[in-house]
1. For the stretch 125-138, give me the residue count where each residue is open to solvent by 70 Å² or more (accessible area, probe 1.4 Å) and closer than 23 Å to Val106 by Cα.
2. Collect the residues in the stretch 139-165 that are modelled with pLDDT of 80 or more, open to solvent by less than 60 Å² (accessible area, probe 1.4 Å) and either of a type in the set (Gly, Ala, Ser) or under 21 Å from Ser80 (Cβ atoms) (or both), keeping them in residue-number order.
3. Could you list, in sequence order, all residues of the stretch 50-81 that are of a type outside the set (Asp, Glu), free of Cβ contacts under 8 Å to residues at least 24 places away in the same chain and open to solvent by 90 Å² or more (accessible area, probe 1.4 Å)?
4. Any chance you could count how many residues in the stretch 8-49 are buried (at least 18 other Cβ atoms within 10 Å of the Cβ) and among the acidic types (Asp, Glu)?
5. From Leu87, Leu113, grab the single residue that is closer than 30 Å to Lys153 by Cβ, at pLDDT 85 or above and in a loop (DSSP other than H, G, I, E, B).
6. If you go through the stretch 30-37 one residue at a time, do you hit one that is in contact (Cβ under 8 Å) with a residue 12 or more places away in the chain and among the polar types (S, T, N, Q)?
7. Based on this model, can you work out whether Gly102 counts as in a helix (DSSP H, G or I) and modelled with pLDDT under 80?
Amino acid sequence: MQGGVALKSPEEVNRAVEAYADMVRRICLVHLKNVHDTEDVFQNIFLKYMLYKGSFENEEHEKAWFVRVTINACTDWLRSLSRRRWLPLESALEESGIQDNGSKEVLEAVLQLPEKYRRVVYLFYYEGYSAVEIAGILGKKENTVYTWLSRAKGILREKLGGEWA
């Protein structure tokens, strides 16, 4: 018992990883279709196993638990609004494959914005979210999002010259 939470022994966790890791990964890949998300969900599943206080009647019961928990975790992951259509902003420039210098210059300017402005600009212009949706994602008021977008446009106009958006 550590900090009031019962943990399975390292031996139990290692045995479960050896027995079920391939199956859990396959289920995740089928549902998530993405290696990075699969790894995140995979780790969460084995953390849940480590913290699980119940016991299993037999190996089939344990395997069924892993299948059910994996499917539920994948479903939750896909439902998560913050995960939907998400691309880390810092990798947007590298992964964009932009050849056009003007577009590259705009994206570089966006990446240099203060974080709060960068987030709203990215979500609004690059991911297509509305200000209302962005407010929900970030837990901010809708008017705050509009203000940040306006300020960000002003900064970008100054940096890039001329009109921006």
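1. The number of residues fulfilling the criteria is 2.
2. Val145, Ala152, Gly154
3. Those that are of a type outside the set (Asp, Glu), free of Cβ contacts under 8 Å to residues at least 24 places away in the same chain and open to solvent by 90 Å² or more (accessible area, probe 1.4 Å): Ser55, Arg68, Arg79.
4. Total satisfying the criteria: 1.
5. Result of the check over Leu87, Leu113: Leu113.
6. no
7. yes
Per-residue answers, yes or no, for (1) at pLDDT below 90; (2) under 25 Å from Tyr129 (Cβ atoms); (3) touching a Gly at 6+ places or on another chain (Cβ under 6 Å):
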residue: Asp40; (1), (2), (3): yes, yes, no
residue: Phe46; (1), (2), (3): no, no, no
residue: Phe56; (1), (2), (3): no, no, no
residue: Glu60; (1), (2), (3): yes, no, no
residue: Arg83; (1), (2), (3): yes, yes, no
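The values are calculated or read from the model by the stated rules, or taken from the named source; none is laboratory data. Keep in mind that this is a model prediction, so the values were computed, not measured. Cβ sites come from the backbone with ideal geometry, for glycine too, and all protein chains shown count toward neighbours. Ligands, DNA and RNA are stripped out before the accessible areas are found, and what is left, the full protein with its side chains, is counted by its heavy atoms. Shrake-Rupley method; radii C 1.70, N 1.55, O 1.52, S 1.80 Å.
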